[in-house]
1. How compact is region 120-220 by the rule of thumb for globular proteins, expressed as Cα Rg over 2.2 N^0.38 Å?
2. Using Cα springs under 10 Å in a Gaussian network model of the chain, which residue among Phe103, Phe206, Phe62 shows the largest mean-square fluctuation?
3. Would you work out which of Phe62, Thr265, Phe168 lies farthest towards the positive end of the dipole of the chain? Charges go on Cβ: Lys and Arg +1, Asp and Glu -1.
4. Could you state the principal axis extents of the C-alpha atoms in region 1-107, from the largest down, to the nearest angstrom?
5. Explain nothing, just the number: relative contact order of region 229-319, from Cα pairs under 8 Å at least 6 residues apart, as a whole percent.
6. I'd like to check one number: the per residue accessible area of the chain, probe 1.4 Å, reported in Å² as a whole number.
7. Over the chain, what is the mean sequence separation of C-alpha contacts under 8 Å (at least six apart), divided by residue count, expressed as relative contact order in percent?
8. Keeping the other protein chains in place, figure out the carbon and sulfur percent of the accessible area of the chain, with a 1.4 Å probe.
Amino acid sequence: MGTVKIAMIGVGAISGIYLENITNVFKEIEIIGVCDLVRERAENAKEKYQIKKIYDTMYDAFKDPEVDMVLNLTRPYEHFEVTKEALNAGKHVYSEKPLGANFDEGKALVALAEEKNLMLGGAPDTFLGSGIQTCRKLIDDGFIGEPIGAAAFMICRGHETWHPDPEFYYKYGGGPMLDMGPYYVTALVNLLGGVNSVTGVTKSSFSKRTITSQPKVGTVIDVDVPTYITGILNFDNGAVGTIFTTFDVYYNQQARLEIYGSKGTLLIPDPNTFGGSIKLLRPEDGEYKEMPLLFDYKENSRGLGVADMAKALQTGRDYRANYKQTCHVLEVLTSFEKSSKEGKSITLKTAYNREIPMLNNPIHGILD
């Protein structure tokens, strides 16, 4: 089989690891062209990774008959328009998270992909890594008994102290739940299954934020989105989860993700990583035990979801980071604020069934 040829739209901060892995790790896919509003970024990527083309506009990429798939790495509030135009041009699309800036955008993209009979996938793909896949096997094999609940925490003081262009994190499509929540909720639904309802309480603790990182040090940002979100998730299997995300709190430790079962507790690795430490506590052991990682892709393997989708395109099988997952996760994420505004629990409209797990012995470049 030949490679699936990709046009990358957006060459910002996250693009480097995609370019590195697609160029050097995943043999199913090939980036043949890049496009960015800041042309210098595209030129630097072309030179460093020997990419054939620079597109003046995204529409030039979408018209290129050599392109099979579009990789949408634009800012969150731009995801909808870029993905929509690519689908309308007949291209399969894999987008960075979230699928859209609100649930209506996500539903519209899903409807368009289905109408056009095109693949629509999206980040995060960290759940395909060794850490979450090992945890899924431990849960499915009964190591903690019947799942009872879960708790997820993503706590920090925001991105304006280190990110070169942090303003979008506080604008439409941003905030801690839409920024970091996808990692946690995607991990949770892959471990426990779909969510049927949520309840949330949200607020913005600070109306303005001041950038202290270069090159925009001193710039004041107006905060337009909730930055302190607490939610409850009711899973289809009866488990109850809590999630807390914030950009408002000083915190110097790694936040945590835990799954509680009738026979034990599992400490999950940071879902923003592919590997990490897994610890299992059962009463017969008396203390947490480190569990070995059982799957490949322990290092930063961003692009794995793109490669998996490309393999599905080549073979006709299902792909794991698909729109059923990204749209369900988007509805969960956005329903916390809806619940807070309406003062009631929100019953979800989407349903989710987990895709097949990764195999235990994949070879880089030959995804099954």
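The values are calculated or read from the model by the stated rules, or taken from the named source; none is laboratory data. It should be emphasised that the depicted structure is a prediction, and the values quoted were computed from it without experimental measurement. Reconstructed Cβ throughout: ideal geometry from the backbone, glycine too, with neighbour counts over all protein chains shown. Just the protein is used for accessible areas: all its heavy atoms, side chains included, with ligands, DNA and RNA removed. Shrake-Rupley method; radii C 1.70, N 1.55, O 1.52, S 1.80 Å.
1. In units of the globular-protein estimate, region 120-220 measures up at 1.37.
2. Residue with maximal mean-square fluctuation among Phe103, Phe206, Phe62: Phe206.
3. Thr265
4. Sorted from largest, the Cα extents of region 1-107 read 38, 31, 25 Å.
5. 14 percent.
6. Computed with neighbouring chains in place, this is 42 Å² per residue.
7. 20 percent
8. Whole-percent figure for carbon plus sulfur exposure: 51.
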